[in-house]
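Novice: Dumping the structure here so I can ask a few things about it.
We did not get these values from a lab; they are worked out from the coordinates using the rules stated. Just so you know, these numbers come straight off a predicted model, no measurement behind them. When we count neighbours, we look across all protein chains shown, and the Cβ atoms used for this are built from the backbone with ideal geometry, even at glycine.
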Amino acid sequence: MKNRKPYDLKYVMILYDFGQVVINSYLTYTIYTICVDSWEHRCMVKNNPVYIRHNAKRIQAVAWHTCLIKFIDLIDTVLFVLRKKANQVSFLHVFHHALMCMIITWAVRNIDSFAIGFYLGFAMSINTSVHVVVYFYYGVSALGPQMNKYLWWKKYLTLFQMCQFTAILSYMLHGFMTGCEEVAVVEVTVFLYIVAIFIMFIDFYKKYKDE
């Protein structure tokens with residue numbers, strides 16, 4: 001691989017990126033709908049029989065779909081390597097994708113016991129909507145340099161992602177303080193993971209602005 005030329009994966013990337021837009025749009029709508037329908041039962045959902053009875057099948061289905069797409073996201077890394085974009089396989093990139101796969105796998109494995117809190121649905125509804133925008137940018141960018149004039153909003157992408165983390169952390173913190181979310185090992189771990197990602201994004205944004 002060291003002496004190979006980078007692979008030209010333009011059309012693969014276009015198909016992959018816009019495919020991600022479609023899939024994440026579906027997930028955003030589905031998860032958002034469940035969250036809205038379940039809003040009045042959001043506090044301590046795992047102890048709420050009404051929430052469980054009304055949403056069990058929908059939550060199980062969307063959890064599996066979300067888990068699948070998070071593993072599909074790993075294709076990003078494969079494309080970076082094949083295109084010899086090693087600089088894009090950063091610690092932030094690897095840490096984010098690896099930990100996300102672990103968290104979503106835990107959620108799916110524990111979905112039947114409803115050990116997960118409402119915060120995870122809230123977080124994923126925001127995360128998938130952000131992915132719609134990010135992959136749309138990637139898809140348009142992959143069409144060629146002639147599209148750069150339409151991508152003036154690139155500089156706002158990282159800020160948009162940082163707003164995502166702010167919203168999720170704020171919701172979780174409010175849930176912890178009001179008793180709506182359980183303060184257990186898993187919840188604290190997820191919270192600290194998001195804090196770590198947030199800090200790394202801030203550092204990335206500072207370096208981006210300096211350049």
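Novice: Please list the equivalent ellipsoid semi-axes of the chain, computed as the square roots of five times the alpha-carbon gyration tensor eigenvalues, in descending order and whole angstrom.
Specialist: 33, 19, 16
Novice: So which lysines can LYS70 reach, going by Cα to Cα under 17 Å and dropping same-chain residues fewer than 8 places off?
Specialist: Correct list for LYS70: empty, as no lysines qualify.
Novice: For region 57-179, what is the relative contact order in percent, using Cα pairs closer than 8 Å and at least 6 residues apart in sequence?
Specialist: RCO, region 57-179: 25 percent.
Novice: Taking 0.36 nm per residue of separation and subtracting the Cα-Cα distance, what length does fully extending THR77 through THR105 add?
Specialist: Answer, rounded to one decimal: 8.2 nm.
Novice: Follow-up. Evaluate E = 1/(1 + (r/R0)^6) for MET200 and GLU40, where r is the Cβ-Cβ distance and R0 equals 41 Å; express this FRET efficiency to the nearest 0.05.
Specialist: 0.70
Novice: Something else now. Taking the highest mean first, how do the peptides 163-175, 142-154 order by number of other beta carbon atoms within 10 angstrom per residue?
Specialist: Most protected by this proxy first, the peptides run 163-175, 142-154.
Novice: Evaluate region 127-211: find the radius of gyration of its Cα atoms, find its Kirkwood radius, and give the ratio Rg to Rh.
Specialist: Rg/Rh for region 127-211 comes to 1.10.
Novice: Could you check the spin-label model distance between TRP64 and TYR26? Points 7 Å from the Cα along Cα→Cβ, value in nm.
Specialist: Between TRP64 and TYR26, the label points sit 1.3 nm apart.
Novice: If you don't mind, another one. Taking a ≥ b ≥ c as the square roots of the eigenvalues of the Cα gyration tensor of region 166-206, is the shape rounded (a/c under 1.5), prolate (a/b larger than b/c) or oblate?
Specialist: Note, shape of region 166-206 comes out oblate.
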